Amino acid sequence: MAKNKNSARSRMVDVVSVVTALALAASTGMRLHSYAVPLGLLITCVLAVASSVLWLLSCVAKAAESTVHRCTAEGCTFKVRVRHGSAADSRRWQEIAAAHPTHHNV
């Protein structure tokens, strides 16, 4: 049952992201149209805004639903990002991050 809830939530986030991206792109298009921007440039700008907003919102959604485990050694930059994992998976990756053999210091 939890998988269906997550997939329904994911679909809802996707729909909201697409609607938001299209609304912002349309708003940008209308503002540019009022300045008599040529059609070719207008379409290019609208598509660029739509794709940029959609990409940004998908990155935010992925970051919101993931857990990051970092190495506990000072100065080490090793990290693991876990998405859609169970509590056991998250714990296992947390232990792996804490005990990895090579430490990458910045």
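Brief remarks follow.
- Surface share of carbon and sulfur [accessible, 1.4 angstrom probe, percent] for the chain: 65
- Extension gain (nm, one decimal) between M12 and H103, 0.36 nm per residue minus Cα-Cα: 28.8 nm
- A 1.4 Å probe, protein heavy atoms only, puts the accessible area of L56 near 90 Å².
- Surface analysis of the chain yields an accessible area of 75 Å² per residue, using protein heavy atoms and a 1.4 Å probe.
- Over the chain, equivalent-ellipsoid semi-axes from the Cα gyration tensor in Å: 41, 20, 7
- Between helix 87-98 and the chain: long-axis angle, C-alpha atoms, 0 to 90°, nearest 10: 70
- Local charge for V13 was computed over the other residues whose Cβ lies under 11 Å away, with Lys and Arg +1 and Asp and Glu -1, and equals +1.
- Degrees between helix 39-64 axis and first principal axis of the chain (Cα, 0 to 90, nearest 10): 20
- Diagonalising the gyration tensor over the Cα atoms of the range 53-92 and scaling each eigenvalue by 5 before taking the square root yields semi-axes of 23, 16, 5 Å, largest first.
- Simple rule: put +1 on each Lys or Arg Cβ and -1 on each Asp or Glu Cβ in the chain, find the dipole, and look at V19, T67, S86; the Cα lying farthest toward the positive end is S86.
- Descending by average beta-carbon neighbour count within 10 Å, the peptides 65-78, 32-45 line up as 65-78, 32-45, the highest first.
- Remark: relative contact order (the chain) = 21 percent; criterion is Cα-Cα distance under 8 angstrom and separation of 6 or more residues.
- In Å², nearest 10: area of R83 left accessible to a 1.4 Å probe: 100
- Computed magnitude of the charge dipole of the chain (debye, nearest 20; Cβ of K, R +1, Cβ of D, E -1): 280
The values are calculated or read from the model by the stated rules, or taken from the named source; none is laboratory data. Just so we're clear, the structure is a prediction, and the values are computed from it rather than from any experiment. Note that we place each Cβ from the backbone using ideal geometry, even for glycine, and neighbour counts take in every protein chain shown. Ligands, DNA and RNA are excluded from the accessible area calculation, which covers all protein heavy atoms including side chains. Shrake-Rupley method; radii C 1.70, N 1.55, O 1.52, S 1.80 Å.
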